[in-house]
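**Student:** Let me begin by handing over the structure; questions about it come next.
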Amino acid sequence: MAKAKKAKPLPIGRILQNQGFGTRAYCYALIESGDVLVNGEPCVNPDAFFDLNGLHWQIGEQTWRYREHVYLLMNKPAPYECSQKPQHHLSVLSILPPELRARDVQCVGRLDVDTTGLLLLSDDGQFIHKNTSPKKNVDKVYHATCAQALTDEMLNALKTGVLLHDENETLKAVDARVLSDVGENVLELTLREGKYHQVKRMVAAAGNHVEKLHRVRVGEFSLPADLTVGEWVFLELG
Ligand code: URA
């Protein structure tokens with residue numbers, strides 16, 4: 001996450017433009033039309049300077065606050081692609097409001113089209129790197145519903161390492177356990193890397209097959225129980 005800098009006051013028209021609300025001309029016209037309340041007060045002068053600290057504005061029913069960067073946590077639905085240029089399905093970015101899409105928000109790592117669950121999104125390059133670089137050792141926890149019950153041999157293979165096609169070294173899970181409360185075929189797998197189809201390929205190499213995949217945690221971020229599939233929330237990190 002970027003270090004908080006002491007930002008100097010800026011004209012509200014420019015702030016709205018930088019925050020993804022449209023072109024300079026659009027933001028200036030929006031303010032002049034009287035449709036924006038700034039810090040709770042009507043403001044029709046786009047050149048009026050405002051302190052960024054604690055700044056908030058209201059357009060229609062919606063209140064926004066100034067964010068140097070945005071950090072989002074989504075419960076990714078299927079079938080959606082984690083790509084800015086999706087090929088066969090909609091992008092998860094299409095779920096976000098245009099103000100966030102305009103800020104170049106990106107997925108923090110990728111989930112497969114048919115995978116659901118915790119997906120982080122941000123426009124902060126440092127945050128993206130910190131949560132995706134293999135060197136940073138960030139745990140990713142998945143719940144995989146498999147075709148067959150998990151055996152001890154399969155769990156051991158996942159924990160001691162399996163050799164995947166096109167990889168030179170074996171890959172091992174940080175942890176692999178059966179979620180017996182849910183079903184003998186439901187695996188909780190914790191990985192540190194984020195290789196292509198890694199869970200599905202590792203489970204296949206261990207002699208089983210993933211039918212459904214759901215991510216529940218990335219590092220310090222867990223999927224809130226009340227966040228339904230397709231919903232997202234701001235993470236207040238900045
Ligand atoms: N591993 C997979 O196989 N698929 C995902 O979506 C994520 C990890």
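**Student:** Just checking: which of the strands (runs of 3 or more DSSP E) contained wholly in region 164-238 hold 1 or more residues that are among the aromatic types (Phe, Trp, Tyr) and away from the ligand (no atom under 16 Å from the Cβ)?
**Tutor:** Per the criteria, 232-234.
Every residue, every condition in (1) more than 23 Å from the chain's Cα centre (by Cα); (2) closer than 20 Å to Cys82 by Cβ, yes or no:
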residue: His165; (1), (2): yes, no
residue: Leu187; (1), (2): no, no
residue: Ala205; (1), (2): yes, no
residue: Val210; (1), (2): no, yes
residue: Glu220; (1), (2): no, no
residue: Leu223; (1), (2): no, yes
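**Student:** Something else about it: Say whether the condition of being touching a residue at least 40 places away in the same chain (Cβ under 8 Å), open to solvent by 20 Å² or more (accessible area, probe 1.4 Å), of a type in the set (S, T, N, Q) and not assigned by TED's automatic domain parsing to the domain that holds Asp123 is met by at least one residue in region 168-179.
**Tutor:** no
**Student:** Let me ask you something else. Return the pairs, sorted by first residue and then second, in which the second residue is surrounded by 17 or more Cβ atoms within 10 Å (Cβ to Cβ), the first residue lies in region 90-115 and is in the same structural domain as Val199 (by TED's automatic domain parsing), the beta carbons are less than 9 Å apart, and the residues are 6+ apart or on different chains.
**Tutor:** Cβ pairs passing all conditions: none.
**Student:** Specify the residue that is surrounded by the fewest Cβ atoms within 10 Å (Cβ to Cβ); the eligible residues are those in region 144-155 that are of a type in the set (A, V, I, L, M) and in a helix (DSSP H, G or I).
**Tutor:** Top of the filtered list is Leu155.
**Student:** Something else now. Within region 194-238, work out how many residues are closer than 17 Å to Asn137 by Cβ and open to solvent by 50 Å² or more (accessible area, probe 1.4 Å).
**Tutor:** The qualifying residues number 4.
**Student:** Collect the residues in region 113-138 that are more than 13 Å from the ligand (Cβ to nearest atom), open to solvent by 50 Å² or more (accessible area, probe 1.4 Å) and on the phi < 0 side of the Ramachandran plot, keeping them in residue-number order.
**Tutor:** Gly125, Gln126, His129, Lys130, Pro134, Lys135, Lys136
**Student:** Out of curiosity, is Val141 within 15 Å of the ligand (Cβ to nearest atom), on the phi < 0 side of the Ramachandran plot, part of a loop (DSSP other than H, G, I, E, B) and of a type in the set (A, V, I, L, M)?
**Tutor:** no
The values are calculated or read from the model by the stated rules, or taken from the named source; none is laboratory data. As the structure is a prediction and not an experimental result, all values here were calculated from the model. We place every Cβ from the backbone using ideal geometry, glycine too, and count neighbours over all the protein chains shown. Accessible surface areas use protein heavy atoms only, side chains included; no ligands, DNA or RNA. Shrake-Rupley method; radii C 1.70, N 1.55, O 1.52, S 1.80 Å.
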